[in-house]
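The block underneath contains the structure these notes are about, expressed in C-alpha cells.
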Amino acid sequence: MSKAMTVALGVLLLLLIAFPFLVNAYTVQVAITTITYSMLGMAFAFTLRVGLPRFDIPAWWGVGAYTTALLMKAGMSFWLTALIGGMIAIVLGALVFSLAIPRGMIPFLMIGMVLTMAFYQVYGAVPIFGGWGGIVGVPAPTIGSFEFIAKRDLYYMGLFFLGLNLAVYYFLFNSKIGRAWNAIGSSLRLARSVGIDVVKYRMANVLIGNFFLALAGSFFVGYYRAALPVVFGFQAALFVMIYLIIGGFTHSLTGPILGAIIATFIPEYFRFAKEYQSIVTSVVVILILMFLPLGILGWVDLRIKPWLYRRKWYARLSRWGVKEERKVSA
C-alpha cells in the first residue's frame with residue numbers, strides 16, 4: 001500500500017471515529033442502519049463473485065437476528081449468540097445448498113427465493129419466534145458492566161462489525177481461494193478446465209456469506225432490541241441488490257457501502273415525500289442502469305479516473321505514491 005493511500009485511509013478512519021460528535025443523534029441512527037445494509041450488500045457482492053446472485057439474504061439475516069433475540073432473552077451473552085447464529089446459518093446453509101449449488105445458478109436462485117418466503121412465514125407463524133409481533137424487549141449488548149445503549153456506542157459497535165466484514169472479505173479476495181472465485185465468476189468452463197472444483201469453492205463462498213449475514217442480523221438486534229418478521233421479507237432482498245446497482249458491481253467492497261449510504265440517507269431526509277419513496281427509488285435505479293450500467297464507482301473508473309490522470313498535479317501525486325511504495329519495498 002502506498003504512503004498516499006495509507007494517509008487517505010488514516011484520514012477516513014479519523015473522520016469515521018469523529019462522526020458521532022459532528023452530527024445529531026438522528027443522523028447517527030441513520031448511520032447505524034446504513035452499516036447494517038452495507039454488510040448485507042457486501043454479502044450479496046461476495047457471492048456474486050462466483051456467479052451466484054442470491055435472494056436468500058433476508059432468511060440468513062433473520063437467522064442471526066432471531067438466534068440472538070431468543071438466546072439473549074434467555075440470558076446469554078450477545079457476543080456468544082452472534083457466534084452461534086453464524087454457525088447455525090452455516091449448518092442450515094450446508095444442508096440446503098448441498099442440493100442446490102451442484103445444479104447451477106438457476107436452482108440456487110430459486111431455492112434462495114423460496115427460503116426467504118418460507119423463513120418469513122416461519123418467523124411469523126411459529127409461536128417461539130413471537131408471532132407477527134416478533135420478539136421485543138431484547139437486552140442490550142454488554143462487555144462486562146458496560147452496556148451498548150447510547151447511539152454513539154452502538155455506532156462504534158457497528159464500525160467494528162463492518163471493519164470485520166471488510167477485513168475478512170479483503171483477505172479472502174486476495175488469497176488463493178479468492179483467485180479461484182474470480183476464475184469461476186469469469187468462466188465456469190475455464191475454471192473447470194484448470195482443475196478448480198466449482199461446487200466446493202461456491203459452497204465455501206456461500207457459507208462464509210451466510211455467517212456474515214447472520215452476524216449482521218445479530219448486530220441489528222443489538223441496536224434495535226427486537227426481531228420482527230416484517231424486516232426479513234422478500235423486499236429486503238431487492239433492496240440489497242439495489243445497493244450494489246447504485247454503488248457499482250465492479251467494486252465488491254466499496255460499491256455496496258456507497259449504495260447503502262445513498263439509498264438510506266437520501267430517503268431518510270426526504271421523509272415528507274415518503275409515499276413516493278418507492279417510485280423515486282425505482283426511477284433512480286432505472287436511470288443508473290440506463291446511463292451508469294456499472295454503477296457510480298464504475299462511472300468513476302471509466303470517466304473520472306482517466307480525467308484525473310490527464311491532470312499534471314494528479315500524475316505527480318501518483319508518481320510520488322509509487323516512489324514511496326518502492327522505497328518501503330526496498
(request) Report the residues of segment 76-97 in range of a label on V114: point 7 Å along Cα→C-beta, backbone N strictly under 16 Å from it. (result) 93-97
(request) If a/c stays under 1.5 just call it rounded; otherwise compare a/b with b/c (prolate if a/b is bigger, oblate if not). Do that for segment 179-299, with a ≥ b ≥ c from the square roots of the Cα gyration tensor eigenvalues. (result) oblate
(request) Name the shape class, rounded, prolate or oblate, that the alpha-carbon gyration tensor gives for segment 77-212, where a ≥ b ≥ c are the square roots of its eigenvalues, rounded holds for a/c under 1.5, and otherwise prolate holds if a/b is larger than b/c and oblate otherwise. (result) oblate
(request) Could you work out the Kirkwood radius for the chain, taking every pair of different alpha carbons, averaging 1/r and inverting it, reported in Å? (result) 21.2 Å
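Per DSSP H run of n ≥ 4, the term is -39500 (n - 2.57); total these for the chain, divide by its residue number, and report the mean residue ellipticity at 222 nm rounded to 500 deg cm²/dmol.
About -24500 deg cm²/dmol.
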(request) Would you please classify the overall shape of segment 1-116 from the alpha carbon gyration tensor, given that a ≥ b ≥ c denote the square roots of the eigenvalues, rounded means a/c under 1.5, and beyond that prolate means a/b larger than b/c while oblate covers the rest? (result) oblate
(message) Can you find, among F160, Y201, P139, the residue sitting farthest towards the positive end of the charge dipole of the chain, where Lys and Arg contribute +1 and Asp and Glu -1 at Cβ?
(response) Y201
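Which net charge results when you count Lys and Arg as +1 and Asp and Glu as -1 among the other residues whose beta-carbon is under 13 Å from that of L154? It would help to have the intermediate numbers written out before the result.
Details: positive: K151, R152, R225; negative: E147, D153.
Neighbourhood net charge equals +1.
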(request) Would you work out which of F291, F212, A69 lies farthest towards the positive end of the dipole of the chain? Charges go on Cβ: Lys and Arg +1, Asp and Glu -1. (result) F291
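Could you give the dipole magnitude of the chain about its Cα centre, charging the beta-carbon of Lys and Arg +1 and that of Asp and Glu -1, in debye to the nearest 20?
1380 debye
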(request) Considering Cα pairs under 8 angstrom that are at least six residues apart, work out the relative contact order of segment 76-159 and quote it in whole percent. (result) 20 percent
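No lab work stands behind these numbers, since they all come straight from the coordinates. If you're wondering where the values come from, they're calculated on a predicted model, not measured in any experiment. No Cβ is skipped: glycine too gets one built from the backbone with ideal geometry, and neighbour counts run over all protein chains shown.
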